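To start, the structure under review is shown below, and the notes come after it.
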Amino acid sequence: MIRGDKQLLVVGDRVLIRLDELDERTEVGLYLPPTALEKENVQSGRVEEVGPGIPLPPKSTDDGVPWAEDAGEQMRYIPLQAQKGDHAIFTRKDAVEIKFDAEKYVVVPHAAILCLVRSTGLLSAPDESFPS
């Protein structure tokens, strides 16, 4: 995420999430204090950035000298399921709140995400070939 002259890089298997606005009222209309809203076990938000994934050890050439450096060695990662723009539902206890350019976000390990809601881009229009 780039803001002005700063860039926020998410590392490893972490996901940066912008929290949804919490409903300040109960179903019967009572207002809840902010401390009660923050104690929810499960929260949701929009995925803003995703780390590269779970790191894997570099490929070895098995040349018999494990201490020799390979100049072309690159990190490898197992990619994450979460993608930028997804709506994530995650456990709050695993989230770490951060502030970046005066905006609040949470950084969550990928394992703390319970489910993702992703837009498919397909609109579900009624099938006009069948009468209703």
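For the reader, a short list of remarks on this structure follows.
- All of 33, 52, 57 fail the test of being open to solvent by 50 Å² or more (accessible area, probe 1.4 Å) and modelled with pLDDT under 80, apart from 33.
- Some residue of the stretch 117-128 being modelled with pLDDT of 90 or more and open to solvent by less than 90 Å² (accessible area, probe 1.4 Å): yes
The values are calculated or read from the model by the stated rules, or taken from the named source; none is laboratory data. Because the structure is predicted, anything quoted here is derived from the model rather than measured. To get the accessible areas, we keep the full protein, side chains included, count just its heavy atoms, and leave off ligands, DNA and RNA. Shrake-Rupley method; radii C 1.70, N 1.55, O 1.52, S 1.80 Å.
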